[in-house]
Amino acid sequence: MKKVCIAVAAEFLILGALLFGAAGTFAWPAAWAFLIILVAGAALITRMLARDDPALLEERLRPPIQSGQPLWDKVIMASFIVLFIAWLILMGLDAARFGWSIMPVWLQWIGAAGLAVSFWISYATFAANAFLANVVRIQTERGQTVVSSGPYAVIRHPLYAGALLFFASTALLLGSWFGLAGALALGALLILRTLLEDRELHCRLEGYADYARRVRYRLLPRVW
């Protein structure tokens, strides 16, 4: 558990440094609200995993680039990390340092609510799927099987759906129109990963093709 606490604290400090460093000030209430919601959501998910599925928690603490991971996923994850860092810096410059964006407060409140919902989706997804690694690989050593309960009964990639909501909601909460444009870029990268991961699962995970025929939609019910 000590390792988990260190990881959560490090995440808080790194994200805070990126946001407040770009902003040039700590007097940015929206950024504090973002970090509080982020840490609260991460703490709830971590507590649930530590209690119910420590093996998955240990898996999630592994690095985002690993041996045995497809090359395309390594490229996507490396690109995602760079883009995510640039996105946070851009929002700090936009919304706080230079004030390029003017966003209504009510939209920022919608962003806060959306952020909370994104963590609720993540919580339900982690609770349902014991094989939710942070890289694309078939976990034969853990006897991976198809998961079709909980949010997986509605869409095939609920964690990614929650992530798309997270990106848009974060930009709204922080008050950055440029950040919302960046959220589209992050979302496009995530959609590409969804397509490639779906193909990988079809080819390599027994029973996934049958599951995909039953649950037709990847990210948004009745849309895609």
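Miscellaneous remarks
Okay, residues lined up against (1) buried (at least 19 other Cβ atoms within 10 Å of the Cβ); (2) closer than 30 Å to L18 by Cβ; (3) under 20 Å from the mean Cα position of the chain (by Cα):
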| residue | (1), (2), (3) |
| --- | --- |
| Y123 | no, yes, yes |
| A127 | no, yes, yes |
| P158 | yes, yes, yes |
| A168 | yes, yes, yes |
| A171 | yes, yes, yes |
| G175 | yes, yes, yes |
| G179 | yes, yes, yes |
| R204 | no, no, no |
| D210 | no, no, no |
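- Pairs, first closer than 13 Å to W28 by Cβ in the stretch 161-177, second open to solvent by less than 10 Å² (accessible area, probe 1.4 Å), C-beta under 7 Å, six or more apart: L173/F34; L173/G111; L173/L115; L174/A31; L174/F34; L174/M91; S176/M91; S176/D94
- Residue within the stretch 27-50 that is over 27 Å from L172 (Cβ atoms), in a loop (DSSP other than H, G, I, E, B) and under 18 Å from the mean Cα position of the chain (by Cα) present: no
- Lone qualifier among L38, L13, L56 - being open to solvent by less than 60 Å² (accessible area, probe 1.4 Å), of a type outside the set (D, E) and either without any contact (Cβ under 8 Å) to a residue 12 or more places away in the chain or under 22 Å from W109 (Cα atoms) (or both): L38
- Hits in the stretch 90-104 (condition: closer than 18 Å to G16 by Cα and open to solvent by less than 60 Å² (accessible area, probe 1.4 Å)): L90, M91, G92, L93, D94, A95, A96
- For L189: the one exception among (1) buried (at least 19 other Cβ atoms within 10 Å of the Cβ); (2) in contact with a Ser or Thr (Cβ under 7 Å, 6 or more places away or on another chain); (3) not β-branched (V, I, T): (1)
- Scanning the stretch 135-156 finds no residues that are touching a residue at least 40 places away in the same chain (Cβ under 8 Å), closer than 25 Å to L184 by Cβ, in contact with a Ser or Thr (Cβ under 7 Å, 6 or more places away or on another chain) and buried (at least 17 other Cβ atoms within 10 Å of the Cβ).
- Any hit, the stretch 68-84, residues being of a type outside the set (G, A, S), part of a loop (DSSP other than H, G, I, E, B), open to solvent by 50 Å² or more (accessible area, probe 1.4 Å) and without any contact (Cβ under 8 Å) to a residue 24 or more places away in the chain: no
- Test result for L184, free of Cβ contacts under 8 Å to residues at least 24 places away in the same chain and either closer than 30 Å to L15 by Cα or in contact with a Pro (Cβ under 7 Å, 6 or more places away or on another chain) (or both): yes
The values are calculated or read from the model by the stated rules, or taken from the named source; none is laboratory data. Quick caveat: nothing in here was measured; it's all calculated off a predicted structure. When we count neighbours, we look across all protein chains shown, and the Cβ atoms used for this are built from the backbone with ideal geometry, even at glycine. These accessible areas exclude ligands, DNA and RNA; they are computed on the full protein's heavy atoms, side chains included. Shrake-Rupley method; radii C 1.70, N 1.55, O 1.52, S 1.80 Å.
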